[in-house]
1. Provide the per-residue ³J(HN,Hα) series for the range 257-269, in order, calculated from phi with Karplus coefficients 6.51, -1.76, 1.60 and θ = phi - 60°, each as a whole number of Hz, with x at glycine and proline positions.
2. Answer rounded, prolate or oblate for the range 281-404, using the Cα gyration tensor with square roots of eigenvalues a ≥ b ≥ c: rounded when a/c is under 1.5, else prolate when a/b is larger than b/c, else oblate.
3. Given the C-alpha centroids of the range 443-510 and the range 333-394, what is the distance between them in whole angstrom?
4. Could you rank Glu249, Glu364, Glu100 by how accessible they are, 1.4 Å probe, largest area first?
5. How would Leu264, Leu383 line up by accessible area, probe 1.4 Å, largest first?
6. How much accessible area per residue does the range 83-212 have, in Å², with a 1.4 Å probe?
7. Quickly estimate the mean residue ellipticity at 222 nm for the chain, helices only: each DSSP H run with n ≥ 4 gives -39500 (n - 2.57), and the total goes over all residues, rounded to 500.
8. Could you give the size of the charge dipole of the chain about its Cα centre, using +1 on the Cβ of each K and R and -1 on the Cβ of each D and E, expressed in debye and rounded to the nearest 20?
Amino acid sequence: MRRLYYLLVCALALSCGAPKDKDTAQGAQPGDIIPAPVEYALTSGSVESAKVAQLPQKVKISEKALSKRLNGKELTDWQLKGAYWLEVGKKTVKIEAADEEGVFYARQSLKMLAALDSTVTCCTILDWPRFQYRGLMLDVSRNFQDKEFVKKQLEMMALLKMNRFHFHLVDNPGWRLQIDAYPRLTQFTAWRPIPDFWEWEDSGGDVSGGAFVEEGTPGAYGGYYSKEDIAELLAFAAERQIEVIPEIEMPGHNYETRAAYPELVCSLMKAPDDWELCPGKESTYEFLENVLLEVFEMFPSPYIHIGGDEAGKRNWELCPDCQARIKAEGLQNVEELQSYMIKRMERFAHEHGKRIIGWDEILEGGLAPDATVMSWRGTEGGLKAIAQGHDVIFTPSRYCYLDHQQDSLQYKPVSSPVPLEKVYSFEPLVEGISEADVHHVLGLQGSLWTEWVHEAWHAEIMLYPRAFAIAEVGWSQADKKNYPDFERRARAWSAVARQMGYNVYDSKNKQYTK
Ligand code: ACM
Ligand code: ZN
């Protein structure tokens, strides 16, 4: 049967003039899952893949039982929760784990084994995660994606044992989250008259107030997630052991907030085209707190991402409210004014049982006491934060920004290349991090910005196969790092993912399909 399938694939490949060295699951070897597990051992026999899902599963949730399998290996609490032992026998599947999370990951491994080949060779797998944060970020502000698209990516994340979805919900070109207290954010600034991001930006309409149109305007481009949509997405993610972390940007990247509520920016401007919120006015904090209260109610994550990146501070130098705030709070400059805002929002988050994450610019002017830093401008910000005793998530743009091209032929990317091998080469335990500070490295994230990425198929060819590399760097142990081996598995999984309906870039042949 398998041989017949192989001949059929070859015949099709030849008849279509497809490249010889095509992504195919045919080269898959037993145990070729992504991310690579800690231990994989062959036992005897095999099971038809189509029958694997029907095999009876004997599941034992017991820390003691799992500890025996670990054979003296000590794991952290969060590693233990994700750890599992899996045995695929001819007649049964056995799973041992300390927690439901480990059972879930055992089942993902099983699904992947079955998807990769027509038979699953009987085996045992012992496995646990290397890092606790294995993330993917999607920017739905610049280009909106509906909830079905988001679910589809959550499904792939789950198969790859990724567990944090950073939802970049608001930014200059569109606000995407229902907030009852401020309906203009979605009745107006979730909708653009110009769908293409760059055309929209070049039109300069934001300053004159024409950048957005009322919801329901014929031809309007955009969308947003209602509270019901968010509840549905969160339930879908939680069933797959994925935590969704919302980002509400402040004080920069706020064109859209300014268009909906113009009173939130500085009253006297040095740079009228800048789009920062005014950290001088008390009413800005009232707005942010009211928004966050609704966000906290919607999202159970212990974290809120408050942005903090790329805030132009020119208006704050002239604004009487900002200058009065600087004086009243004994601040030295506008950097410290941003820091004042972030620290104040952190106190508010703490009052509601939440912790903040911010882009590495939040280091400037003084870091909020408990903030986690998302290091994107290289790894320096992360290292500085660790030196101050803070937690860090790495998403350095040169390795982890998935809006960059995989190669020179890729459809509409940011031009500086971030090929699959480069992503895979990233090591989150950056040189200079001491053994005592390793626990501050929460993990890494692949980040997909969408200035160039308008359509779902395009978002997927940017995400895949590079998300496979993020997943493996985040989960697999350092001694498993082996690019040729990973590339072979990534090519096999690319072929399977395509059959599942994903658009996966063929990085070897530099091809994509719409
Ligand atoms: C960023 O890329 N501005 C975080
Ligand atoms: Zn101001």
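The values are calculated or read from the model by the stated rules, or taken from the named source; none is laboratory data. Fair warning: this is a prediction, and the values are worked out from it, not measured in the lab. Here the Cβ positions follow ideal geometry from the backbone for every residue, glycine too, while neighbour counts run over all protein chains shown. With ligands, DNA and RNA removed, areas are computed over all heavy atoms of the protein, side chains included. Shrake-Rupley method; radii C 1.70, N 1.55, O 1.52, S 1.80 Å.
1. 5, 5, 5, 7, 9, x, 5, 7, 9, 4, 7, 10, 10
2. oblate
3. After rounding, the separation between the Cα centres reads 30 Å.
4. Glu100, Glu364, Glu249
5. Leu383, Leu264
6. Here the per-residue accessible area is 27 Å².
7. On the way: 21 runs with 197 residues, N = 514.
Computed ellipticity for the chain at 222 nm equals -11000 deg cm²/dmol.
8. The calculated dipole for the chain is roughly 2620 debye.
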